Structures are given as C-alpha cells and as structure tokens.
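Below: one structure, written as structure tokens.
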Amino acid sequence: MKLIEYQAKELFKKYGMPIPEGYVCKTVDEVKEVLEKLEFPVVIKAQVPVGGRGKAGGVKLASTKEEAIEKAEKILSMEIKGIPVKKILVAHAVDIAKELYLSIVLDRRNNRALVMASREGGVDIEEVAKTNPDAILKRDIDPIIGLRDFEAREIAFWLYPEDKKIALKIAGIIGKLYKSYVDSEAQLAEINPLVVDSSGQVWVVDAKVIVDDNALFRHPDIEQMRDLDYEDPRELEAKEWGLSFIKLDGNIGNMVNGAGLAMATMDVIKYYGGEPANFLDVGGSSNPEKTRKAMELLLSDPNVRAVFVNIFGGITRTDDIARGLIEAFRTLDIKVPVVVRLTGTNEEIARKMLDESGLPLITVRTMSEGARKAVELANRSN
Amino acid sequence: MAILVGKDTKLIVQGITGRDGSFHTRLMKEYGTNVVGGVTPGKGGMEVEGVPVFDTVREAVEKTGANTSIIFVPARFAADAIMEAADAGIKLIVAITEGIPIHDMLKVKAYLDGKGARLIGPNCPGLITPGEAKVGIMPGHIFRRGRIGVVSRSGTLTYEIVSHLTANGFGQSTAIGIGGDPIIGTKFIDVLRMFREDPETEAVVLIGEIGGTDEQDAAEYIGREFNKPVVAFIAGRTAPREKRMGHAGAIIAGGEGTAEEKIKAFEKVGVRVADLPEQVPQILKEILK
C-alpha cells in the first residue's frame, strides 16, 4: 500500500520528524481558509499516487494569497498521468540552501533493508544512480540488530560534511526514518528532498512510504489511511473476494488461476496481436462463487470485447470453475464471446458440464489456441 | 540422483491438521513421498492420514528422524514455524504459505544463515523429483522422470510448461518452485549451482517473471560458469509498471525488474528465451540435438 506525500508526512510527524506546516485541501474554499494560517511563500502540491508531478505542473509556488488561489484552482482541475487531482497539499515553502536524499529501501538481492543517502536530492534517485553513482551512499542494516546510532551518524557526516551540528540533526532523522520503516513494516520510506534551510533547520519537504500489503493485518491504523479517492473500486472489491485484479487498457478480459500463468496469458494475448483488458488471478481455491464474481468484474469494463478463461487445474478443480461460469451466465447479462480453456483436475467432468449447459462458450484445448480465438473474436466485434 | 528431495527424504508437515496440510499430506503420501509425521502445537498425539502428530518440530525430529519439513502454517505464524524447523535441525524447509510479511522474512533469512538450513519459498508450490518424492502441492501426474531440471518463480505457469515438456518426451530430474515473494530462501542462482553438480540434469528450464534482479543474476552466473544448456521463459512482458502482479515480488519498481531487461540479460549470455510456453520443448529439441 502506497502512502502519498500527505499521508507519509502524517506518519513521519508521529516520529518527530520536522515537517513544514501544511494542510490538505479538496476545494478552493478550503485553500482560502488555510492560507490565513500559513506563512508565505507557500507551495501547492497535487496529491496523486504517481510520480512526475513537478514535470506535469502539479507543484507550484505562490507568494501572495491571490496567486495561491489561482494556482490551487488550476492544479485541482488537472489530470496527472490520467489521474484527476482530487486533493492538494498547501504548505509553507521553506527556503532551500541544500537538497538531500534519504531513504530506507528493501534490498531484495541481499535480503536486507538498506539506508540510501545522496547529496543530490530533489531529483530522481534512479537517474542519480545512473549518472553519478558516487553521490549515493548505501549501507545495509542487520535485521536483527537494527540500525545503530553510530551508523546513522556515519551516514549523516558523509551526507552533510559542511556542518557537524546539522549533520547530527540529520543523523537523528535517519534514526526516526528507520524506526518508522520498521514499525510500519514498509518496503520503502523515502524523503526526497530533505532540505537544509538558510538558518540551518532541516525539513522533510517530500515523502513517500510503501507499506508491505502482507503486513497490513498488523497495522489497522495504516490500513485506515487508505485513500479511497485514488483506489480503483473494482480492485478493492476484487481484493475482498480474494481475487487479484488490475485493470488495463485493452479489450480482452482474462481470468486465470495463478499469478505467473495470468501474466503469461496477458503476454500470449499480446503475442497474437490483442490487448489484455486486465490482470486477474482467481487464486488457488476454486469456489464457484468466486469465479462468478470474477466474471462480473471483467464484464463491468465496457471496453471488453471478448473474455478468455485460462485455468490449469491442480489444486483448483476445473469442475468448480465450470460451475462458476455456468452460474455467471445465469445471473449476468453476458453479451461478449467467452473462450474457455480448462486443463487438469476433473477436466472431463468440467467439459461435460459446459457441453451439457448449452451455453454459448467456445471451449479450446490450449492456452495459445484460446488466446488466438479471443483476439479473433474481439477484433471481429470492433 | 536429482537434487534436494528423493528416496532419502523423510518429511514432516507443519500445519498438518489444517485443511491444506491434511489434504496435501494425503496427496504427497499417494505420490510415494515418505511422510513420517506432522506438527501442530497443542495437537500432539493425534494421527492425520496415518502419520503421528507432534506438538513441536524438535519432538517430531527426535521420534521420526525427519530431515525435511513442508510448511502450511498460516502467514502470521509461518516465520516462527520456519525458525522452529531450522532450530530443530531440519536441513530442508519448504514454505508453501503465501503472504508472509517481508519484515518477518528478513529476520528469518538472518536466522537461517546461522543454522545451515535451506529454505525453499515461501509462496511456492514446492518441489518434486518425479517418481521419488513430491514435497509440494503440484499435480504429480504431469511430471515424468527425466533429465531436465526445472526452476520457477511460479506455480501454475510451471505446470503449464512442464506439461508441454512431458508431452514432448522431456522428463524432469527435479522441478522446483522457488516462490513469488520478494524475499525467498533459495534463488535461481542457488538452484543452478545444484543442477550444475547433478549428473542426471542435462539441461535446465528457468521460468522467471518481472520484479527484482534474480534472473539477471542467474544470467550473469550462467555466462560465467554454468556448463549446461538453459532455456528461459519470462512472464510479464505486458505488465504495467509499479503494479504488483499477484505475486508480492512481481512488481516493476523504480524502472527495475522489467521483462525486457531480463530477456536481454539471458540473450546476452546465449540463453534462448521462449515467447510462448509451448516453444520451450521446441527450443530444447533444437539445442539438445
């Protein structure tokens, strides 16, 4: 689960990290209200769950009330990478003497968390890694011992050699960042930029946190922060049903058991010239009701011109999938062609059930045959 | 020969009294795996599928001489179960459980390093040496004994490709699902090292997917010192960025872990990458001629 700027800052604030005063607004009226409390200049920042806000014009400075209102209005009516901006953060703009980068990330290769620090802050860290890798310091952390104070100090003295007092303040922030990372079971906790202002104060000017979805059961407080303004309601609904669903832009719906096979099915659809409308993994269990629900989700997308059901039954019983499909046809108004490939556990029973149902399903034997057929049918109906 | 599991495997099932644990205990026994016991804390003294249940792994090991454990324990208790197995001296631990928190796994990895135990998974289908032992949840009937080592991050996609292998006369020495999580016990490169030393394995099929750099590391290793032919398949060419594709580890993050970069890494060291699952046996036929 991704915490966007204002949420990540809320979390960091609880750990005593220095956050410039700021307020989340959804309307211009709210902006007018908070401007009474803020010291100018202010910065107005689109709160969206995607990167590249600055380049898209979603971050603007303002030195007067009028200017702030005008810019807020503009940003609130923007779309960034296809996502309408539903809220903005209006905050005091601190003056910037130096921008730094600081994060705790999961290092999959070494199975450890890593402190990453860079003297080049405020820019894309992946870009810095490519162009100027010496400007980045990485230090891995023993997961059982945790980050030691001396480690934080070493990193901070490297990061800000200009002033020891300020470096020690930064060391404190590194410790707090690590604590928030561990406590919230994050995969990423990032401050970019960490700003040193002209008076030597240090500020968290932008923040991002990604929390491990599998750990959310231990963190109801974070689960509660889920921003429903930016969640796809269908993806949330799917999750409640134990389905893994991601909407895409194509027109061939597909329903598959297992994440690897589901990705491969999308790839094979593309290989034969089609575009997948989604990723959908029905998982290992084979409750017919889940299959019906999955079909309902797929068909709620008006772009879908054909559906490909690709099941390799192992633990999943194909007769349960067949039962769910028959139920889906009974309860939903299905107007698009449905191609079905069921292989594995109880496939004879499943095939017989589908044949005897008299439903307009197209049954195929292999994944490639099914993908080709679905692409052909989707193109025909366009 | 083959690797990791076989006739010498003496298996215990942690979480044996649960729905999945008992169901797969039966299927593994039917396949011929030597299941010697199970563990569910508080249920010691019971019997499930004809094998004794113990309260602790230590007791199970003492009474049965088990050397391998398979874990079906729910996610929130699974890290503890893995460490319990390692502490009791189990040398091969196979964690089927999906959804173990990452921070738990970081601790587990550090703990296991000091115990000399190998972990397969979590979030994996397990492993099978056809005709000898199945320590996992895969449908046994699609596998045939032979000379192809299979290693994969996925479950059903492995079954898909294995069924094409079997249908084309390519049996398997051992097939291993290493799991779809970001932190796993055994990576591609570890399995390749074992296949390298296994005289029965003549060639390897490697099934990867988006996310992380394990495939790239494997490619680099193959180029450096692997001495057997490899055919790869990479799932997720059409996956969008920054979206978790079902598996916790299947995510292109910060532009890293795309299918293209993995395919490029393999091609650079002369490993052919199949576009479709059914092309895997075709490519094997060409390179094993």
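The values are calculated or read from the model by the stated rules, or taken from the named source; none is laboratory data. Every value quoted in this text rests on a predicted model; they were computed, and no experiment measured them. Reconstructed Cβ throughout: ideal geometry from the backbone, glycine too, with neighbour counts over all protein chains shown. Surface accessibility is based on the protein's heavy atoms, side chains included, excluding ligands, DNA and RNA. Shrake-Rupley method; radii C 1.70, N 1.55, O 1.52, S 1.80 Å.
Given the options B:Glu261, B:Glu242, B:Glu267, name the one that is surrounded by fewer than 20 Cβ atoms within 10 Å (Cβ to Cβ) and at the interface with another protein chain (Cβ under 9 Å from one of its Cβ atoms).
Only one candidate passes the filter, namely B:Glu242.
If I go through the range A:108-126 residue by residue, how many of them are within 10 Å of another protein chain (Cβ to nearest Cβ) and either assigned to a helix (DSSP H, G or I) or in contact with a strand residue (DSSP E or B) (Cβ under 8 Å, 6 or more places away or on another chain) (or both)?
Residues that pass the stated criteria total 5.
Scanning the range A:331-359 for residues that are within 35 Å of the chain's Cα centre (by Cα) and open to solvent by 60 Å² or more (accessible area, probe 1.4 Å), which turns out farthest from A:Asn254 (Cα to Cα)?
Here the answer is A:Thr331.
Does A:Leu342 satisfy the criteria of being within 14 Å of chain B (Cβ to nearest Cβ) and either modelled with pLDDT of 90 or more or in contact with a Pro (Cβ under 7 Å, 6 or more places away or on another chain) (or both)?
In short, yes.
Among (1) at the interface with chain A (Cβ under 10 Å from one of its Cβ atoms); (2) open to solvent by less than 20 Å² (accessible area, probe 1.4 Å), which single condition is B:Val204 missing?
(1)
Within 14 Å of another protein chain (Cβ to nearest Cβ), of a type outside the set (Val, Ile, Thr) and either more than 23 Å from B:Thr158 (Cα to Cα) or surrounded by 22 or more Cβ atoms within 10 Å (Cβ to Cβ) (or both): which single residue out of A:Gly324, A:Gly370 fits that description?
Exactly one of A:Gly324, A:Gly370 is within 14 Å of another protein chain (Cβ to nearest Cβ), of a type outside the set (Val, Ile, Thr) and either more than 23 Å from B:Thr158 (Cα to Cα) or surrounded by 22 or more Cβ atoms within 10 Å (Cβ to Cβ) (or both), namely A:Gly370.
Limited to the range A:174-199, what total is found for residues that are away from chain B (no Cβ under 14 Å) and open to solvent by 10 Å² or more (accessible area, probe 1.4 Å)?
Of the range A:174-199, the ones away from chain B (no Cβ under 14 Å) are A:174-177, A:191, A:193-199.
Cutting the leftovers down to open to solvent by 10 Å² or more (accessible area, probe 1.4 Å) gives us A:175-176, A:193, A:197-199.
Residues flagged as away from chain B (no Cβ under 14 Å) and open to solvent by 10 Å² or more (accessible area, probe 1.4 Å) within the range A:174-199 amount to 6.
What do you reckon, is A:Ile311 β-branched (Val, Ile, Thr) and under 19 Å from B:Gly236 (Cβ atoms)?
no
Taking A:Leu236 as the residue in question, decide whether it is open to solvent by 10 Å² or more (accessible area, probe 1.4 Å), away from chain B (no Cβ under 11 Å) and under 21 Å from the mean Cα position of the chain (by Cα).
Judged against the criteria, A:Leu236 is a match.
Can you pull out the residues in the range A:373-382 that are outside any helix (DSSP H, G or I) and open to solvent by 70 Å² or more (accessible area, probe 1.4 Å)?
Of everything in the range A:373-382, just one residue is outside any helix (DSSP H, G or I) and open to solvent by 70 Å² or more (accessible area, probe 1.4 Å), namely A:Asn382.
Just checking, does the range B:18-29 include any residue being in contact with a helix residue (DSSP H, G or I) (Cβ under 6 Å, 6 or more places away or on another chain) and either over 18 Å from B:Lys91 (Cβ atoms) or open to solvent by 20 Å² or more (accessible area, probe 1.4 Å) (or both)?
No, every residue in the range B:18-29 fails to be in contact with a helix residue (DSSP H, G or I) (Cβ under 6 Å, 6 or more places away or on another chain) and either over 18 Å from B:Lys91 (Cβ atoms) or open to solvent by 20 Å² or more (accessible area, probe 1.4 Å) (or both).
Considering only the range B:191-198, I want to know if a residue exists there that is open to solvent by 20 Å² or more (accessible area, probe 1.4 Å), outside any helix (DSSP H, G or I) and of a type in the set (Lys, Arg).
Scanning the range B:191-198, I find no residue that is open to solvent by 20 Å² or more (accessible area, probe 1.4 Å), outside any helix (DSSP H, G or I) and of a type in the set (Lys, Arg), so the answer is no.
The conditions are (1) within 12 Å of chain A (Cβ to nearest Cβ); (2) modelled with pLDDT of 95 or more; (3) outside any helix (DSSP H, G or I); (4) surrounded by fewer than 19 Cβ atoms within 10 Å (Cβ to Cβ), and B:Ile183 fails exactly one of them. Which is it?
(4)
Inside the range A:279-296, can you point out the residues that are outside any helix (DSSP H, G or I) and away from chain B (no Cβ under 11 Å)?
Within the range A:279-296, A:Ser286, A:Asn287 qualify.
Would the range A:81-94 turn up any residue that is free of Cβ contacts under 8 Å to residues at least 40 places away in the same chain and touching a Ser or Thr at 6+ places or on another chain (Cβ under 9 Å)?
Yes: one or more hits.
So that you can scan it fast, the table gives a plain yes or no per residue for (1) closer than 30 Å to A:Lys247 by Cβ; (2) surrounded by fewer than 20 Cβ atoms within 10 Å (Cβ to Cβ); (3) not small (Gly, Ala, Ser):
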position	(1), (2), (3)
A:Gly58	yes, no, no
A:Thr64	no, yes, yes
A:Glu70	no, yes, yes
A:Ile104	no, no, yes
A:Asp124	yes, yes, yes
A:Arg148	no, yes, yes
A:Leu159	no, no, yes
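Identify, from the list A:Ala171, A:Ala156, the residue that is within 17 Å of A:Gly16 (Cα to Cα) and more than 27 Å from the chain's Cα centre (by Cα).
Answer to the check: A:Ala171.
Could you tell me whether B:Ile161 is at the interface with chain A (Cβ under 10 Å from one of its Cβ atoms), of a type in the set (A, V, I, L, M, F, W, C) and within 11 Å of the chain's Cα centre (by Cα)?
no
Considering only strands (runs of 3 or more DSSP E) fully contained in the range B:26-139, which possess at least 2 residues that are more than 14 Å from chain A (Cβ to nearest Cβ) and of a type in the set (A, V, I, L, M)?
Ranges flagged: B:35-39, B:51-54, B:68-71, B:92-95, B:133-136.
Considering the range A:214-230 alone, what residues qualify as being open to solvent by 60 Å² or more (accessible area, probe 1.4 Å) and either outside any loop (DSSP other than H, G, I, E, B) or more than 24 Å from B:Arg76 (Cβ to Cβ) (or both)?
A:Phe217, A:Arg218, A:Pro220, A:Asp221, A:Glu223, A:Leu228
Identify, by number, the condition in (1) in contact (Cβ under 8 Å) with a residue 40 or more places away in the chain; (2) exposed (fewer than 15 other Cβ atoms within 10 Å of the Cβ) that A:Gln7 doesn't meet.
A:Gln7 satisfies every listed condition except (2).
Suppose we keep only residues that are open to solvent by less than 10 Å² (accessible area, probe 1.4 Å) and under 19 Å from B:Gly249 (Cβ atoms) within the range A:247-264. Which one would you say is farthest from the other protein chains (Cβ to nearest Cβ)?
Here the answer is A:Val256.
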